[in-house]
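Asker: The structure follows.
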Amino acid sequence: MRGILKFLGTLCFITFGGVALEQLCYRFSESYASWRSNWVWKEDDQDSVAATILRLLPLSQWATPPTDKAIIFPEALAKRESWYAEQVLSYSRPLRDELYEDFRLGDDLYDFEVREVGGVKDMALPRLTRFATAEDVESGDAKRVGETLNIVNAILLHVLPPKRNMAEGELSSIRHQLEGQFVSLLERGVGCGIIYAANEVELISAVEKLRLEEATLSAHLFSWASGESAHHLAKAVSKRPELWSTAVFDSPDAESFLEVSPPLDCPKTLCLMPIIEGERQGELATKMIEWARAGRQNASPFTARMGGLYHLYSPEVGHSHAELAFGYAYLIDCLKHIGHREEEDSQATLSIGSKHSSSGEFYDHDSLNQPKPDSAESESEEAKGLFSGDMSVSGSYNDFVFPESPASFNCQILRDYRDKNPESEAMEDKDIILMLGRLFEENGKLEEFGKKDEVFLLYYKSLRELESSP
């Protein structure tokens with residue numbers, strides 16, 4: 001009997017320890033929490049055997065939004081919607097902790113490029129680039145093949161009133177606050193800008209200009225607005241919903257926001273509202289919940305769950321870092337579900353890393369860790385053999401003569417680049433070698449990559465001298 005009790009006690013202890021460890025990981029590990037939520041939802045969408053078992057567990061992923069039939073009073077409905085938002089985004093707690101600390105400590109944009117983009121003068125761009133292709137030259141996005149182009153995963157536009165309507169020093173204070181918020185998104189490949197609009201007409205006009213002049217950069221557009229600007233953003237989204245991917249309405253002005261209804265094809269929407277007193281609280285909550293529900297009207301499982309959320313926060317802490325972290329965590333989660341083109345995904349591997357990167361290199365070194373010959377001499381012999389097969393050799397590298405047919409410059413870096421960029425098939429080997437070599441040279445990394453692939457370095461120096469010779 002004692003043995004049985006001991007066994008049961010040990011089993012209970014192991015079970016309790018396992019559950020506690022899993023909950024700790026879910027609470028403090030962003031990667032695990034995100035993986036668990038995505039896995040649970042994937043199994044549920046597929047209605048698998050595992051889903052049948054998982055539905056028996058009290059997981060926050062099983063939270064469902066409330067219905068009007070179940071809750072009569074607007075205040076109760078608002079609290080239930082806010083609880084649903086907290087449950088469905090519970091896996092973002094580790095990320096929100098990180099964002100909270102970032103916002104509390106603050107940061108600046110000195111490590112990022114800030115310039116005018118498509119008419120938006122205050123735009124900070126992430127250190128994310130790709131090489132221009134022939135299609136980019138044809139479309140006018142680049143002047144030549146191989147030119148370095150800025151890319152983004154999305155753009156966030158923070159909508160503010162016109163500068164003339166702000167008190168002295170107010171704009172400077174707001175810009176300083178926004179800089180500290182933008183850095184977290186910039187490090188995730190999101191361009192962040194400020195746009196000033198007195199009404200929805202100005203806002204739509206500015207966004208249309210951005211879309212027209214920078215179609216690639218502005219393919220996925222997020223916007224955040226508060227107060228009266230939230231009313232302008234709501235009217236703009238209501239009239240032109242196709243311009244936006246996600247909209248965040250933060251503490252909108254009750255008088256004006258109540259006048260606007262969501263469009264039928266509403267983009268993803270997050271509504272953040274302080275707990276206020278007075279008759280307007282219920283009316284404003286009802287209108288914001290209407291927007292949140294419009295954002296969830298989609299056949300996509302993700303959109304049906306999180307396409308529209310409404311969240312209440314306490315006014316005692318004001319515009320707290322915690323609530324900001326909640327909103328930015330939602331944007332980052334929307335970012336993860338954006339369907340990028342394969343071209344952008346593959347070329348992003350050649351982008352410059354974030355400021356926290358240990359080396360700041362802009363090429364995937366793992367792809368270069370391939371077995372090499374034992375000595376540089378053997379690689380030189382291989383290089384000469386490759387040249388002799390495709391070129392006429394006359395004494396020195398300066399005497400290389402290109403045949404009429406495109407020459408082949410087989411080396412590890414070239415193979416890696418072609419593997420990651422299928423569209424590069426239209427480019428000749430020598431053009432790619434020159435393009436990569438110039439990029440490495442401009443960033444002071446040519447010799448470093450040359451040590452990893454001496455054949456590439458040999459090719460590049462020879463082609464460079466040929467190109468510069470009269």
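The values are calculated or read from the model by the stated rules, or taken from the named source; none is laboratory data. Small disclaimer: the values here were computed from a predicted structure and weren't measured. Don't worry about glycine lacking a Cβ; one is built from the backbone with ideal geometry, like all the others, and counts go over all protein chains shown. Just so you know, the surface numbers come from the protein's heavy atoms only, side chains and all, with ligands and any DNA or RNA stripped out. Shrake-Rupley method; radii C 1.70, N 1.55, O 1.52, S 1.80 Å.
Asker: Over all directions, average the projected area of the Cα convex hull of region 57-170 and note it in nm².
Answerer: Directional mean of the projected Cα hull area for region 57-170 stands at 14.3 nm².
Asker: Still on this model: Could you give the distance between the Cα centres of region 196-227 and region 244-284, to the whole Å?
Answerer: With region 196-227 and region 244-284 each reduced to a Cα centre, they are spaced 19 Å.
Asker: For S245, what accessible area in Å² do you get when you roll a 1.4 Å probe over the heavy atoms of the protein chains, rounding to the nearest 10?
Answerer: 30 Å²
Asker: Which value, in Å² and to the nearest 10, is the accessible area of R464 when all protein chains are kept and the probe is 1.4 Å?
Answerer: Solvent-accessible area, nearest 10 Å²: 80 Å².
Asker: Rounded if a/c is under 1.5, else prolate if a/b beats b/c, else oblate: with a ≥ b ≥ c from the C-alpha gyration tensor eigenvalues square-rooted, which is region 107-163?
Answerer: Verdict is prolate for region 107-163.
Asker: Something else about it: Work from the charge dipole of region 23-168 (Cβ charges, +1 for Lys and Arg, -1 for Asp and Glu, about the Cα centre) and give the residue of N150, Y91, A78 farthest towards its positive end.
Answerer: Highest projection toward the positive end goes to A78.
Asker: Top to bottom by accessible area (1.4 Å), largest first, where do L89, L439 land?
Answerer: Sorted descending by solvent-accessible area, the residues read L439, L89.
Asker: Just the number, please: carbon plus sulfur as a percent of the accessible area of region 1-155, 1.4 Å probe, no ligands or DNA/RNA counted.
Answerer: 61 percent
Asker: Work out Dmax and Rg for region 200-268 from the C-alpha atoms and quote the Rg first, both in angstrom.
Answerer: Answer for region 200-268, Rg first and Dmax second: 11.7, 37 Å.
Asker: Could you sort H158, H321, H337, H176 by their accessible area in this structure, using a 1.4 Å probe and putting the largest first?
Answerer: H176, H337, H321, H158
Asker: Accessible surface of I151 in the full protein assembly, 1.4 angstrom probe, to the nearest 10 Å²?
Answerer: 10 Å²
Asker: Still on this structure, please answer the following. For a Förster distance of 51 Å, can you work out the FRET efficiency between the beta-carbons of L5 and K451, rounded to the nearest 0.05?
Answerer: E(calc), rounded to 0.05, equals 0.20.
Asker: Quick one: in region 1-44, what % of C-alpha pairs are over 15 Å apart?
Answerer: 59 percent
Asker: Now for a different question. With label points built 7 Å along Cα→Cβ from the Cα atoms of Q23 and R438, find their separation and express it in nm.
Answerer: 6.0 nm
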